[in-house]
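To keep things clear, I will list the structure first and then write my remarks on it.
The values are calculated or read from the model by the stated rules, or taken from the named source; none is laboratory data. Computed from a predicted model, the values in this text were never measured in an experiment. Backbone-built Cβ (ideal geometry, glycine too); neighbour counts: all protein chains shown. Side chains are part of the model used for accessible areas, which takes the heavy atoms of the whole protein and leaves out ligands, DNA and RNA. Shrake-Rupley method; radii C 1.70, N 1.55, O 1.52, S 1.80 Å.
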Amino acid sequence: MSSYGTGPGNTQPTQVPQQPQVGAPTAAPARKRSPLLIIGGIVVALVLVCVVSIFVLFGAVMNATQPLADAGNVYLTALRDGDYNKAFDLSTQTLQTEVGSAEGLQAALSAKQLDSWSFNSRNVTNDQGTLAGTAKYKTGESGTAEMVLNKVGNDWKVAGVSLK
């Protein structure tokens, strides 16, 4: 009687039947990833998308209102430098009619001599824009600067200014 194995009384070596192989040996099964790791990765990706979107939106808004802010800065620079003729030319026809002349503009705004300013609010609706921010005056006091501008042709013109 012939048997396989190394049981008592059996002195023959154990023989294991060979399995036929086809192709490469199979790899160990892939480890499963933790659901928390997958969820964490999704959350991080969503946060990054939100942050990038906010920067893109902020950049688009700033870019769209930059010509308005540039016009406001040129106007206030003319006022700061005492160039009321230039400021008068940068005003809308309505404001020019209201103050009458560069001297009238000077009389209306000379009580507050600008030293520096910064706009922290810019808004544009159709062909009208507003700027608002802080101002420092040559007297050393601080206050606010607010402006209304209208688009006339391709240019922004100042329709009103308030220095407080």
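Could you go through segment 55-69 and let me know if any residue there is surrounded by 11 or more Cβ atoms within 10 Å (Cβ to Cβ), touching an Asp or Glu at 6+ places or on another chain (Cβ under 9 Å), at pLDDT 85 or above and within 15 Å of Val158 (Cβ to Cβ).
no
Does Asn85 satisfy being under 15 Å from Glu146 (Cα atoms), modelled with pLDDT of 85 or more and of a type outside the set (D, E, K, R)?
So Asn85 fails the test.
Scan segment 92-133 residue by residue and report those that are open to solvent by less than 80 Å² (accessible area, probe 1.4 Å), aliphatic (A, V, I, L, M) and under 18 Å from Glu146 (Cβ atoms).
Matches in segment 92-133: Leu95, Val99, Leu105, Ala108, Leu109, Leu114, Val124, Leu131, Ala132.
Determine which single condition Val74 fails, assuming it passes every other condition in (1) in a strand (DSSP E or B); (2) without any contact (Cβ under 8 Å) to a residue 40 or more places away in the chain.
Just one mismatch for Val74, condition (1).
What are the residues in segment 117-142 that are part of a loop (DSSP other than H, G, I, E, B) and among the hydroxyl-bearing types (Ser, Thr, Tyr), if any?
Result: Thr139, single match.
Out of the residues in segment 77-116 that are in a loop (DSSP other than H, G, I, E, B) and hydroxyl-bearing (Ser, Thr, Tyr), which is nearest to Gln128 (Cα to Cα)?
Thr92
Can you report the number of residues in segment 134-146 which are open to solvent by less than 60 Å² (accessible area, probe 1.4 Å) and under 26 Å from the mean Cα position of the chain (by Cα)?
3
When you go through Thr97, Thr130, Thr134, Thr92 one by one, which is the residue that is at pLDDT 85 or above, in contact with a Ser or Thr (Cβ under 6 Å, 6 or more places away or on another chain) and of a type in the set (Ser, Thr, Tyr)?
Numbers: Thr97 fails: in contact with a Ser or Thr (Cβ under 6 Å, 6 or more places away or on another chain); Thr130 fails: in contact with a Ser or Thr (Cβ under 6 Å, 6 or more places away or on another chain); Thr92 fails: in contact with a Ser or Thr (Cβ under 6 Å, 6 or more places away or on another chain).
Residue meeting the stated conditions: Thr134.
Out of the residues in segment 147-156 that are touching a Lys or Arg at 6+ places or on another chain (Cβ under 9 Å) and farther than 14 Å from Asn73 by Cβ, state the one that is surrounded by the most Cβ atoms within 10 Å (Cβ to Cβ).
Asn150
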